[in-house]
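Read the structure below first, then the notes.
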Amino acid sequence: MRRLLTICAAACLGAVCAAQDLHGPTSSTAGEEAAISTTGSGKATFYLLGPGVSRKSDISLGSEVHLQAQDLQNAGEYFAVLCSDTCRSSSFYVTAAKPASLTFLVHPSRVPVGQGDAVSGVAFPFDQFRNLVLTPATVNFQLMAGTASLSSRSAQTRDGIAWFRTASQKSAGTLQVDASLGDLSARRAVQQVASDPCNLRIKGERTKAGILVQTEPVRDCAGNPVPDGTIVTFTATEANGRSTVDAPIKQGVARAQLEAPGATVISVASGVAMGNELRIGAQP
Amino acid sequence: MSRIVMIFALLLASSLSSYGADSAVRVELDSTKASPRSVESLTEQVILRDYRFAWMSVAQAVEFNTLDPLEGAFTGEAKQWLSQSVTNQQRSGLSQRYADQNHKVQAVFYAPEGDVMELHDTAEYQLQIFDGGKLIHEEHVVVHYVVLMTPAADRWVIRHLQAVPQF
């Protein structure tokens, strides 16, 4: 009798198991419709949980549950749960669709010329639903000055990222950096500015108010004009003391008025660059 | 007197509960393979702290169906879909519990300028799905997440969080 009951119980459990089950897709692509098939008969509650999705609906067992494209826009893992007397579940992954946009970060926005590994860029391909596209793809990076191409290189995305690093050019001006992947492209600009001043030269003369001193046009070692606003320091050394004046470069030249009645030696510096010394005699 | 005891018990339960949520998220971070920039020690500590905090926030948000925990720890697409999840859970009456979280995280990319980091997280946790108060699904899950984190004013935030079948 006990054996008969056991057999009956096992048969009933088997019947329940066979009565209700679900089979989801093994994988799906973001933004594409999918279907989950169910077995059994009667009513059940269907749940779908995934990134950005949480929905519940009543269904008839044995029918197919249609998953709309809008339910599967976010890449990630989804759980489908089917409950009547008991609950059954299935999970599947949605992967990113094809690249639809390229996020491109370039640094810095302003860089001195002639610096090694000073400019870098990182590109991320995203699909139309802003999922990161992890399938390897080739991104082309192109550096341009105006319409002239300076260099280009290709990089394969790895884990959804492609990047490059390069030196800044020798001439000041705008450096255009393009990233492209198939039909997609993104453009960023880096302003290349003169590096530190080089070969500072000054000239000066005594006036009624003191000594008027000024630099020759200030340039870096590659001949690029140093930007206005860069500080130039003039130092006047007399027998009885020393005075210092900081002056910004205006229209390429820095000027200062120094009060030094005695014989004076004037020196100039900007950043780490030193210039020539100027000797001015005492006021008559 | 009984009211005081009750209040005390509630406070104690609340503090134990918050301690439990806090201690139930374990994160290990390996940043030795990050490139092209190496991860500074201080940055590693901050990432560890902020990543752990972010997962505590996710757990609270999806369990109690509240958006508040997502403020601060997330931004961009990650914040958008997590918020959608919570909002839809509120509508459908569902909730999820991520219990005993264990994250083995590897930093695989750190941008030359230090403005973005990609992490690979192999996360294990006990997933429970509730309809109202009724448990409808429970499973020990192992999920692989690709994560993009970016620095904000005083912390690192998760900008992108995407589960993948494998790395």
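Read the figures in this text as sums done on the coordinates, not as results from a lab. These numbers come from a predicted model, not from an experiment. All Cβ positions, glycine included, derive from the backbone under ideal geometry; neighbour counts span all protein chains shown.
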Order by protection proxy (mean Cβ within 10 Å, highest first), peptides A:134-146, A:57-69: A:134-146, A:57-69
Computed over region A:72-222, the ratio Rg/Rh where both radii use C-alpha atoms and Rh is Kirkwood: 1.35
Overall form of region A:182-284 per C-alpha gyration tensor (a/c, 1.5; a/b vs b/c): prolate
Test item: A:56-68 mean partner chain Cβ contacts at 10 Å: 1
Count, lysine Cα pairs under 21 Å in the protein assembly as shown, 8 or more residues apart or across chains: 5
Tilt relative to chain A, helix A:2-19 - C-alpha long axis, 0 to 90 degrees, to 10: 50 degrees
Shape of region B:18-167, Cα gyration tensor, a/c cut at 1.5: prolate
Cα-only radius of gyration and Dmax that characterise the protein assembly as shown, units Å: 33.0, 134
Alpha-carbon centroid distance for the pair region B:51-116 / region A:187-230, whole angstrom: 53 Å
Approximate spin-label separation A:Ala69-B:His140, in nm, with each point projected 7 Å along Cα-to-Cβ: 4.1 nm
Point-to-point label distance, A:Gln128-B:Gln126, nm (Cα→Cβ direction, 7 Å offset): 4.3 nm
Shielding of B:107-119 by partner chains, average beta-carbon count, 10 Å: 4
Rounded to the nearest 20 debye, dipole of chain B from Cβ charges on Lys, Arg, Asp, Glu: 360 debye
Estimated dipole of region A:14-170 in Debye, rounded to 20 [Cβ of Lys and Arg +1, of Asp and Glu -1, Cα centre]: 780 debye
R0 of 51 Å, Cβ-Cβ distance B:Arg155-A:Lys250: FRET efficiency to nearest 0.05: 0.75
Under the span-like rule (Cα at least 15 Å along the axis, Kyte-Doolittle mean at least -1.0), DSSP H helices of chain B: B:2-23, B:41-64
Principal axes of region B:115-158: Cα extent on each, largest first, Å: 43, 21, 10
Dmax and Rg, reported as Rg then Dmax, of region A:185-233 (C-alpha, Å): 16.2, 62
Hz values of 3J(HN,Hα) by residue in region A:181-193 - Karplus curve (6.51, -1.76, 1.60), Gly and Pro given as x: 9, x, 7, 8, 8, 9, 10, 10, 10, 10, 8, 8, 10
Alpha-carbon Rg/Rh ratio, for region B:84-167, with Rh computed the Kirkwood way: 1.06
Region A:144-234: trypsin sites (Lys or Arg not before Pro) in DSSP coil with no more than 11 other Cβ atoms inside 10 Å: A:Lys208
Selected from B:Leu42, A:Phe129, A:Thr235, residue furthest toward positive end of dipole (the protein assembly as shown; charges at beta carbon): A:Thr235
Residue among A:Phe79, B:Ala152, A:Ser54 farthest towards the positive dipole end of the protein assembly as shown, charges placed on Cβ: B:Ala152
Cα-centre dipole for the protein assembly as shown with unit charges at Cβ (Lys and Arg positive, Asp and Glu negative), debye to 20: 680 debye
Partner chain coverage, peptide B:159-166 - average Cβ within 10 angstrom: 6
Theoretical ellipticity at 222 nm over chain B - DSSP helices of four or more residues, -39500 (n - 2.57) apiece, nearest 500: -13000 deg cm²/dmol
Cα centroid of region A:45-61 to Cα centroid of region A:74-148, whole Å: 28 Å
Cleavage-rule hits, trypsin sites (Lys or Arg not before Pro), region B:27-100, DSSP coil, Cβ neighbours within 10 Å at most 13: B:Lys33
